Amino acid sequence: MASANKVFKGTATWYEDADTYWKSVPSSVDGMLGGLQVVHTPDIRDSLLFLTKLQTNHTLRTNYACDCGAGIGRVSKHFLLRRFNTVDLVEQNGEFLREAAEYLQ
């Protein structure tokens, strides 16, 4: 088994590296999807289908959802807000949250 030091080697700057990367990405659907905007529609469609199956087979409360790593709110707007009464966005990039305020209107 690999030691923890080997597995996690180089992770000391993981959050800083992520912050640097996301600051270089445009505040758009295409930016949130790494240039693969083509996956937006099937992603939302299949997520809605999955949640429908989950709701059919289990009791699922739909009062609140939390969109972690929300970016500009793409998933919140097109998926979570269709099924949940309230959605909180959690995002480390302030520029994305500012964009989300407009995008979610």
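The figures follow:
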quantity: Accessible area expressed per residue, the chain, with surrounding protein chains retained (probe 1.4 Å, Å²); calculated: 72 Å²
quantity: FRET efficiency, Glu95 to Val39 (Cβ-Cβ, R0 22 Å, nearest 0.05); calculated: 0.45
quantity: Dipole magnitude of region 16-61 about its Cα centre (Cβ charges: Lys, Arg +1; Asp, Glu -1), debye to nearest 20; calculated: 380 debye
quantity: Unit charges on C-beta of K, R, D, E only; dipole of the chain, Debye; calculated: 460 debye
quantity: Rounded percent of accessible protein surface that carbon and sulfur make up, region 29-105, 1.4 Å probe; calculated: 52 percent
quantity: Loop-resident sites, region 15-105, for trypsin sites (Lys or Arg not before Pro), counting at most 13 other Cβ within 10 Å (DSSP); calculated: Arg61
quantity: Per-residue [θ]222 nm for the chain (sum of -39500 (n - 2.57) over DSSP H runs n ≥ 4, rounded to 500); calculated: -12500 deg cm²/dmol
quantity: Positive-pole candidate from Gly71, Leu54, Tyr15, dipole of the chain, charges at beta carbon; calculated: Leu54
quantity: Principal axis dimensions, largest first and in whole angstrom, of the chain by Cα; calculated: 44, 39, 26
quantity: Global geometry of region 57-105, whether rounded, prolate or oblate, following the gyration tensor of its Cα atoms and the 1.5 cut on a/c; calculated: prolate
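The values are calculated or read from the model by the stated rules, or taken from the named source; none is laboratory data. Source: prediction; values computed, not measured. When we count neighbours, we look across all protein chains shown, and the Cβ atoms used for this are built from the backbone with ideal geometry, even at glycine. What goes into the accessible areas is simple: the full protein's heavy atoms, side chains included, and nothing from ligands, DNA or RNA. Shrake-Rupley method; radii C 1.70, N 1.55, O 1.52, S 1.80 Å.
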